[in-house]
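The values are calculated or read from the model by the stated rules, or taken from the named source; none is laboratory data. As the structure is a prediction and not an experimental result, all values here were calculated from the model. Note: ideal-geometry Cβ built from the backbone for every residue, glycine included; neighbour counts use all protein chains shown. For the accessible areas, the whole protein counts, side chains as well, though only heavy atoms, and no ligand, DNA or RNA atoms are used. Shrake-Rupley method; radii C 1.70, N 1.55, O 1.52, S 1.80 Å.
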Amino acid sequence: MSRAEEWRGGWDRAGRAALSLQGALRGIGAPEGTVVRVRPVLSGRGTPWVEVGMIPASLAEAVAEVLRKGADG
């Protein structure tokens, strides 16, 4: 696999992960202005990341609650 193919694959993975997180945030009622800040990022080495940025404290608490429930069940 070429370096360009690896980079594209990483970008695609980051994009899918960002869309997934955006959907989950919408599912718990996150404001659209927060949801659109979630974006795919690729490191200089090609590692896929998702940039979340700052989110309101109330949303962080809602995300934490969902994660706790998922971990318990």
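Observations on the structure shown:
- Relative to the dominant Cα principal axis of the chain, helix 57-72 is inclined by about 80°.
- Asp12-Glu51 pseudo-label distance in nm [points 7 Å out on the Cα-to-Cβ vector]: 2.3
- Dimensions of the chain from C-alpha coordinates, computed as largest minus smallest value along each principal axis and given longest first, are 42, 30, 17 Å.
- Tilt relative to the chain, helix 3-27 - C-alpha long axis, 0 to 90 degrees, to 10: 10
- Of the solvent-accessible surface of the chain, computed with a 1.4 Å probe and all protein chains present, 58% belongs to carbon and sulfur.
- Using C-alpha pairs below 8 Å separated by at least 6 residues, the relative contact order for the chain is 30 percent.
- Heavy-atom accessible area with a 1.4 Å probe sorts Leu42, Leu21, largest first, into Leu21, Leu42.
- Average accessible surface for the chain: 72 Å² per residue, computed with a 1.4 Å probe over protein heavy atoms with every protein chain in place.
- Positive dipole terminus of the chain, leading residue within Ala14, Gly33, Val63 (C-beta point charges): Ala14
- Dipole magnitude for the chain: about 180 debye, using +1 per Lys or Arg Cβ and -1 per Asp or Glu Cβ, origin at the Cα centre.
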